[in-house]
Amino acid sequence: MYFIGIDISKYKHDCCIISAANQKVVSKVTIENNKSGFEELLTIINSLSNPADIKIGFESTAHYALNLEIFLENSLLTFMEVNPVLISEYKKSKTLRRTKTDSVDCESIARWLMTVEYKPHPKGFYHAYSLKSLTRLRNKLVRQRSFYLVKITNVLDHTFPEFKPFFSERFSKTALYLLENYGSAEKMARMNSVSYEKLRSLSRGKFSPQQFLQLKELAANTVGVNNSIFDVELNSLLTLYKSLEKEIDILEKEIIKLIEEIHPHYMSIPGIGPLSAAVIYSEYGDISNFSNSGQMLAFAGIEPGINESGTESHGGKMVKRGSSQLRYTLINCCVPLIRFDMTFATYYAKKRGEGKPHRVAITHVAKKLIRVIYALERQDIDFNTQKLR
């Protein structure tokens, strides 16, 4: 049996091979992050032992390990991804020296691998990785879109400060249409009946004639300034916003298509739509890798810290380690969940009755949701509120 620790870098990977027989380092080698480097590693591995007796581990390092992972899977070798925090804590437990080199790190990974249960990465992981890439890119684009909406609001504060409050502080389709086609308060004040017919059609009759006349009056009497520089800035920001809207829509269609092919059982839970399910699936991966729901809580960083010393013992704040996007998605799913499901609503009310603030109570609901997700996937069943306790 051999344990191989690999320290992943952008252009090279440092490998340490330790024999289980005497726990001594057999070899340390640095390979390039290219085909010849991968084939060199494979040659070394094949010279050691049967692939079943080879255990490989490396830290989870975003996309830098992806090509190596695919190569190992195609070569019928298993590997285990390691949380960098665990390796860091393991190194601290072995020495007080603050030494960090790639050579030291790869040996630490190999030795840590010898102390834990080997849990190989699931085969066919590329599907989950594709979803992770798409969902994380979508999240970044949504944040950028929100940034541009703030900038658009800043421009309107100068040119037409009454505009956004008129639309209840929201940029609806009607509001965006007005900004794209009229832009300034001066042009909106000159709108006619033809303009209204387009607005009525766009809003499906929700934008009434009274609202149209009220908006025209606000535009005619605005305290904003009419400056061509602001018009240029607004047009530029709207173009960027529309471009992001288009790209987000393309990503969402692809994400929904991928998650519908998998269709995990937790998509049957009220409040978990395809986009939320895609984030949960991409971040957790194969739930069979988790021995219990407590591990899933820890993975999402929703578990509380524990502080125990001598006669004192008390729980701490939420650790907030792991994927922030997963944690955000799970907690957000709980808002509609407590509206549509009586059991979760009762559980939320119970926590509020114990004096817990809204955010703390919602976090408790998220913990319950994770336990339900774990049960559904392990039992291979869809959600049934009648069986929920």
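Observations, loosely collected:
- 18 Å reach of a label modelled at Ala52, 7 Å along Cα-to-Cβ, counting backbone N of the stretch 1-43: 1-3, 20
- Normalised size of the stretch 230-298, defined as Cα radius of gyration per 2.2 N^0.38 Å with N residues, equals 1.63.
- Here's the picture: a label point sits 7 Å out from the Cα of Ser9 along the beta-carbon direction, and within the stretch 27-47 the residues with their amide nitrogen under 14 Å of it are 29-34.
- For Lys12, residues with placed amide H under 5 Å, excluding near neighbours: Asn33
- Filtered GluC sites (Glu not before Pro), the stretch 58-119: DSSP coil and at most 14 other beta carbons within 10 Å: Glu117
- Pairs over the 20 Å Cα-Cα cut-off, from the set Lys164/Lys216; Lys28/Lys91; Lys119/Lys257: Lys119/Lys257.
- Farthest toward the positive end of the dipole of the chain, out of Leu149, Gln23, Phe212, is the Cα of Phe212, where the dipole comes from beta carbon charges about the Cα centre.
- Cα principal axis extents for the stretch 202-255, largest first, Å: 46, 34, 12
- 3J(HN,Hα) along the stretch 21-27, derived from phi through the Karplus expression 6.51 cos²θ - 1.76 cosθ + 1.60 where θ = phi - 60°, amounts to 5, 10, 6, 9, 5, 7, 6 Hz, with x in place of Gly and Pro.
- Normalised radius of gyration (Cα atoms, divided by 2.2 N^0.38 Å) for the stretch 1-108: 1.02.
- Between the amide H of Gly301 and those of Arg321, distances stay under 5 Å, these residues lying 5 or more places away or on another chain, with hydrogens modeled in the peptide plane.
- Under 5 Å, built H, 5+ apart or other chain: amide partners of Val26: Ile17, Ile18, Ser19
- Note on the stretch 339-389: dipole from Cβ charges, positive end direction compared against Thr363, Thr385, Gly353; the farthest Cα belongs to Gly353.
- Between Tyr348, Tyr90, Tyr284, the Gaussian network model of the chain with springs among Cα atoms under 10 angstrom shows the greatest mean-square fluctuation at Tyr90.
- Ligands, DNA and RNA left out, the 1.4 Å accessible surface of the chain is 51% carbon and sulfur atoms.
- Cysteine residues of the chain whose Cβ has no partner cysteine Cβ closer than 4.7 Å: Cys15, Cys333, Cys334.
- Between Ala20 and Gln386, the FRET efficiency estimated from the beta carbon spacing at R0 = 56 angstrom works out to 0.65.
- Highest-fluctuation residue, Ser108, Ser276, Ser201 considered, GNM on the chain with Cα pairs under 10 Å: Ser201
- Rg over Rh, two decimals, the stretch 140-208 (C-alpha only, Kirkwood Rh): 0.99
- Scattering curve values for the chain, log₁₀ I(q)/I(0), Debye with Cα scatterers, q = 0.06, 0.11, 0.13 Å⁻¹: -0.38, -0.97, -1.14
- One chain, two ends: Ser146 and Glu254. Fully extended at 0.36 nm per residue, the span grows by 36.7 nm beyond their Cα-Cα distance.
- Set of aspartates and glutamates near Lys367 by C-alpha distance (under 13 Å), chain-local residues within fewer than 8 positions excluded: Glu303
- Of the whole protein surface, Lys10 contributes about 110 Å² of accessible area at a 1.4 Å probe radius.
- Antiparallel DSSP beta bridges within the stretch 1-126, as percent of all bridges there, nearest 5: 65
- Nearest-0.05 FRET efficiency for Asn74 and Ser288, computed from C-beta distance (R0 22 Å): 0.50
- Of the residues Leu113, Leu240, Leu137, the one that moves most in a GNM of the chain with alpha-carbon contacts below 10 Å is Leu240.
- Beta bridge orientation in the chain: antiparallel %, DSSP, nearest 5: 70
The values are calculated or read from the model by the stated rules, or taken from the named source; none is laboratory data. As the structure is a computational prediction, the values presented were derived from the model and not from experiment. Neighbour counts are summed over all protein chains in view; Cβ atoms, including those assigned to glycine, are modelled from backbone coordinates with ideal geometry. In case anyone asks, the SASA skips ligands and DNA or RNA and just uses the protein heavy atoms, side chains included. Shrake-Rupley method; radii C 1.70, N 1.55, O 1.52, S 1.80 Å.
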